[in-house]
Amino acid sequence: MFAYPPTPPAINSFGGEVNDVEEVRRARVDPCGSLTFFISKKENSVYVKYIDLSGLPVIEVYEKAKGQEESLNERLKTLEEKVDTLIAKSKGD
């Protein structure tokens, strides 16, 4: 039997910033199956487009969790309160 050389890993690429999924649909990607990432700040999403084994384009959408921003603001407020408390203790108040 013949020994086949190992397949090189797919190289992922950044497709750029887009306004909506329609721009991702129109974008051309590498037909070898590597992933191309697109960022939409307007829709707060990340799109991943690639060509699957049947030769058809696939678009995956990743969105930020809705409660994530609120919990981040709460954690930031708690951290600010702790810092203020430490500053007050260091001053001897």
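The values are calculated or read from the model by the stated rules, or taken from the named source; none is laboratory data. All values reported here derive from a predicted model rather than from experimental measurement. Every residue, glycine among them, receives a Cβ derived from its backbone with ideal geometry; neighbour counts consider all protein chains shown. In case anyone asks, the SASA skips ligands and DNA or RNA and just uses the protein heavy atoms, side chains included. Shrake-Rupley method; radii C 1.70, N 1.55, O 1.52, S 1.80 Å.
Being open to solvent by less than 50 Å² (accessible area, probe 1.4 Å) and in contact with a strand residue (DSSP E or B) (Cβ under 7 Å, 6 or more places away or on another chain), is that true of even one residue in the stretch 58-72?
Among the residues of the stretch 58-72, at least one is open to solvent by less than 50 Å² (accessible area, probe 1.4 Å) and in contact with a strand residue (DSSP E or B) (Cβ under 7 Å, 6 or more places away or on another chain), which makes the answer yes.
For the stretch 45-93, which positions are in a loop (DSSP other than H, G, I, E, B) and modelled with pLDDT under 85? Hits for the stretch 45-93 are 64, 65, 92, 93.
For the stretch 12-32, how many residues meet the condition of being of a type outside the set (A, V, I, L, M), closer than 23 Å to residue 53 by Cβ and in contact with a strand residue (DSSP E or B) (Cβ under 6 Å, 6 or more places away or on another chain)?
Filtering the stretch 12-32 for residues of a type outside the set (A, V, I, L, M) gives 12-17, 19-20, 22-23, 25-26, 28, 30-32.
Checking which are closer than 23 Å to residue 53 by Cβ leaves us with 12-13, 15, 25-26, 28, 30-32.
Okay, now just the ones that are also in contact with a strand residue (DSSP E or B) (Cβ under 6 Å, 6 or more places away or on another chain), so 13, 15, 31.
Here the count works out to 3.
So, in the stretch 15-58, exactly how many residues are touching a Phe, Trp or Tyr at 6+ places or on another chain (Cβ under 9 Å) and either aliphatic (A, V, I, L, M) or on the phi > 0 side of the Ramachandran plot (or both)? Residues that pass the stated criteria total 12.
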